[in-house]
Amino acid sequence: MSGRFSFRVAALSVAAGVALAGCGGDAAPQGPPAQAVTVVTLRAEPVTLVRELPARVNAHLIAEVRPQVSGIIEKRLFTEGGQVKEGQPLYQLDDSTYQAELASARAALARAEATLESARLNETRTAELAKVDAVSQQDLENATAALQQAQADVMLSQANVRAKVIQLDYARITAPISGTIGKSSVTQGALVTQNQAQPLATVQQLDPIYVDATASSIELLQLRRDLEAGTIKRDNSVPVSIVLEDGTRYRHDGKLTFADVTVDPTTGTFSLRVLAPNPDRILMPGMYVRTVFTLGVRPNGLLVPQQGIARDARGRTSALVVGTDDKVELREVQVSRAIGDQWLVESGLSAGDRVIIEGLQKVQPGAAVQPTEVQG
């Protein structure tokens with residue numbers, strides 16, 4: 001009895017389902033609901049264009065300390081790695097030989113001066129006697145010539161004395177410039193020679209200091225075209241920022257002082273030189289840094305968040321934009337450079353466009369959406 005009852009209940013259920021299905025056949029099918037997406041509305045604003053370039057640090061002034069006379073080093077008069085002033089003694093050579101040569105030159109000068117005095121007196125007497133025809137004209141001419149030769153000998157001896165004084169002064173080697181002196185390549189007792197190849201030490205001026213960067217000639221051409229077209233306005237008042245090797249920003253900004261007029265044919269780059277203060281000696285010659293140059297300002301630039309730009313396998317970029325009817329449109333766009341976490345738009349988008357930045361995976365072109373403006 002119970003089996004028949006179960007069969008009847010099942011039959012009634014199937015019949016009811018068929019009836020309900022028949023009644024619903026006249027209802028219109030409903031489309032998928034509008035997806036919620038987050039958009040950002042583009043606005044034209046001044047955009048500062050910067051370029052980060054690799055660079056090396058170089059000393060502002062650099063001079064090698066070399067001996068100008070030969071001799072044995074008696075003393076080293078500086079501390080390695082310390083600060084020296086221009087003209088400060090650095091090395092003292094054994095100058096006994098040079099002192100003796102100077103004394104000999106002075107003695108020769110005294111002898112020449114005595115000879116000159118004798119020649120002057122003789123010329124005076126001969127001239128007086130020549131007036132009364134007591135001596136011949138030839139004797140007067142000889143006396144005059146002897147006086148002139150004695151005068152020349154004195155001048156020659158004076159020049160020799162000055163040369164020996166200079167030579168003696170060179171025995172005390174001084175700093176050619178003010179700055180930081182490095183390690184000494186010689187020690188006390190070493191023999192140094194005039195015009196030797198190896199410098200005794202090197203003095204470098206590190207405050208201020210040079211930062212030399214390299215830039216592509218292609219970028220320079222593009223910058224000039226943008227300036228001529230008026231899409232970029234040059235701003236020379238903005239200083240050059242320096243980023244250290246560990247990624248931190250150097251506390252002092254530099255100033256562009258030189259741009260090379262020659263392009264390296266092997267690399268296609270040209271040099272830029274920045275002068276930066278270095279009071280704490282943080283920047284050292286040979287250090288690798290990065291320089292951030294301000295190229296100019298684009299008065300009506302458009303920036304779009306990077307997550308709103310898609311790139312296909314061929315490198316083409318596009319964006320999904322919400323139209324006035326809240327439907328998705330596909331736009332092909334061109335972007336030129338990244339500025340922070342945004343792309344600078346060159347074409348394909350305009351001010352007022354609503355670009356989808358969240359919910360991109362849920363929508364396709366032509367789909368209806370519920371846009372919400374990004375907060376902040």
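Values quoted throughout were computed directly from the atomic coordinates according to the rules given, and no laboratory measurement underlies them. The structure presented is a predicted model; accordingly, all values stated were derived computationally and were not measured. Note: ideal-geometry Cβ built from the backbone for every residue, glycine included; neighbour counts use all protein chains shown.
What is the sum of charges around residue 217, taking Lys and Arg as +1, Asp and Glu as -1, for the other residues whose C-beta is under 12 Å from the C-beta of residue 217?
-2
Screening the chain for whole DSSP H helices with an alpha carbon extent of at least 15 angstrom along the helix axis and a mean Kyte-Doolittle hydropathy of at least 1.0 yields 2-24. Rg/Rh for the stretch 95-170 (Cα atoms only, Rh after Kirkwood) is 1.23.
Restrict the search to the stretch 264-304; then list the trypsin sites (Lys or Arg not before Pro) that DSSP places in a loop and that have at most 12 other Cβ atoms within 10 Å of their Cβ. Could the numbers behind the result be given before it?
On the way: sites: 273, 281, 290; in loops: 281.
Here the sparse-neighbourhood loop sites are 281.
Note on residue 94 and residue 110: the model spin-label points, each 7 Å out from Cα along the C-beta direction, lie 2.7 nm apart.
Test of understanding: in a Gaussian network model of the chain with alpha carbons linked when under 10 Å, which of 148, 342, 196 would top the mean-square fluctuation ranking? Highest fluctuation of the listed residues: 148. Taking K and R as +1 and D and E as -1, what net charge do the other residues with C-beta under 10 Å from the C-beta of residue 365 add up to? The answer is +1. Computed about the Cα centre, the dipole magnitude for the chain is approximately 1440 debye when only Lys and Arg (+1) and Asp and Glu (-1) carry charge, each at its Cβ. Each residue in 248, 48 was given a count of other beta-carbon atoms within 10 angstrom of its own, and listing them fewest first yields 248, 48. Separation of the stretch 30-76 from the stretch 139-161 is 69 Å, based on Cα centroids. Largest GNM mean-square fluctuation among 316, 298, 337, using the chain with Cα springs under 10 Å: 316. Calculated mean residue ellipticity, 222 nm, the chain: -10000 deg cm²/dmol, from DSSP H runs (n ≥ 4) at -39500 (n - 2.57) each, averaged per residue and rounded to 500. Projecting the Cα atoms of 136, 102, 372 onto the dipole axis of the chain, where Lys and Arg carry +1 and Asp and Glu carry -1 at the beta carbon, places 372 farthest toward the positive end.
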